[in-house]
Amino acid sequence: MTWTASQKGIGRASVQALLIDPLTAGTVYAGAYALGVFKTTDAGATWTRIPGSDRLHPDITSLALESGGPILYVGTGGGSVYRFDPGLIKPAR
């Protein structure tokens, strides 16, 4: 078995929570301390920060996906739960 670093776009972040999307192959979410939530759709080859997630409480402790939908929930050590709906992101002009 071989392990491969998967850091493009996420660097050497302190990842505290991982979530594998059970419905979409290759999609994984990572909650990184003080950096927000990152997403990969290519099984970790590249990572992209979810917009605005760097403004959440820095201590991301849990991630969950809504059953059958794209809604992502983020739990933090600050005692909050945040809800992210990717459908609300407006494309850049």
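The values are calculated or read from the model by the stated rules, or taken from the named source; none is laboratory data. What you see is a predicted model, and the numbers here were worked out from it, not measured in a lab. Cβ: placed from backbone, ideal geometry, glycine included. Neighbour counts: every protein chain shown. In case anyone asks, the SASA skips ligands and DNA or RNA and just uses the protein heavy atoms, side chains included. Shrake-Rupley method; radii C 1.70, N 1.55, O 1.52, S 1.80 Å.
Numbers at a glance
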| read-out | value |
| --- | --- |
| Residue in the range 24-46 that is least open to solvent (accessible area, probe 1.4 Å), counting only those that are of a type in the set (Gly, Ala, Ser), under 14 Å from LYS8 (Cα atoms) and part of a loop (DSSP other than H, G, I, E, B) | GLY44 |
| Residue satisfying condition, being surrounded by 15 or more Cβ atoms within 10 Å (Cβ to Cβ) and among the basic types (Lys, Arg), within set ARG49, ARG55, ARG83 | ARG49 |
| Cβ pairs under 6 Å, 6+ apart, first in the range 1-22 and surrounded by fewer than 10 Cβ atoms within 10 Å (Cβ to Cβ), second of a type in the set (S, T, N, Q) | none |
| Output for the range 53-79, where each listed residue is more than 15 Å from SER14 (Cβ to Cβ) and in a loop (DSSP other than H, G, I, E, B) | GLU66, SER67, GLY68, GLY69, PRO70, ILE71, GLY78, GLY79 |
